[in-house]
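What follows is a short report on a single structure.
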Amino acid sequence: MKNEKSYTVAEATKLMENYCAYQERCHKEVEQKLYDLNMIPEAKEKIILHLLQHNFLNEERFSKAFARGKFSIKNWGRIRIVNELKFKNVSAYNIKTALKEIDEADYLKTIEKVAEKKWALIKEPNTFKKRSKLLTYLSSKGYESELIYEVVNRLI
C-alpha cells in the first residue's frame, strides 16, 4: 500500500498558490495537480475559487503568456499554439486574445529565419527532397501552409 501524504485545504491552497505564482498555469494543470494531491471535489472547487479570486489563476493571462513564450522561445506558428491551447481546454475567446500577442511583422520575420536556418541544416543533395523536408518541418512548427509555400519558394 502506498503511503500518500494528505493535505488540509489550507495546506493545499498554499501549495497551489506557490504552484501558480511560479509560472502561469491553466485550469487543466491546476486541476491535475489537485488530483495528484488527492483532493476531494469539494476541496478542489474551494481551492480553485480561491486561486481565481486572488488572481493566482487567470486563463487570459496564461494564454497570452503561453502564446508569447512559445512563439518567441520555440518559434511556434499560430496553428501549433492554437492546438496546444485547445489541448489545455483554454476557451476560444482566450485563444483569440492570445494570438493578438504575436506581432505580424515579427511572425513573418520568424518564419523566414526558421526556414533559412533549417534549409542550411538539411543535408540532402536532391533539391526536391530537401524542399519537402523543409515544408514538413515548418508545418510541424505550426505555420500556415500558404505562408510556408511563400517562404520556401522565395528561398529556392
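Brief remarks on what is shown
- Residue check: Arg25 meets all listed conditions (1) surrounded by 17 or more Cβ atoms within 10 Å (Cβ to Cβ); (2) modelled with pLDDT under 95 but one, namely (2).
- Qualifying residues in region 1-42 (those that are among the β-branched types (Val, Ile, Thr) and not in a loop (DSSP other than H, G, I, E, B)) - the one nearest to Lys86 (Cα to Cα): Val30
- Considering Ala120, Ala115, the condition of being over 25 Å from Val82 (Cβ atoms) and either in contact (Cβ under 8 Å) with a residue 40 or more places away in the chain or hydrophobic (A, V, I, L, M, F, W, C) (or both) is satisfied by Ala120 alone.
The values are calculated or read from the model by the stated rules, or taken from the named source; none is laboratory data. Since we're looking at a predicted model, the values are computed, not measured. Here Cβ is always computed from backbone atoms with ideal geometry, including for glycine, and neighbour counts include all displayed protein chains.
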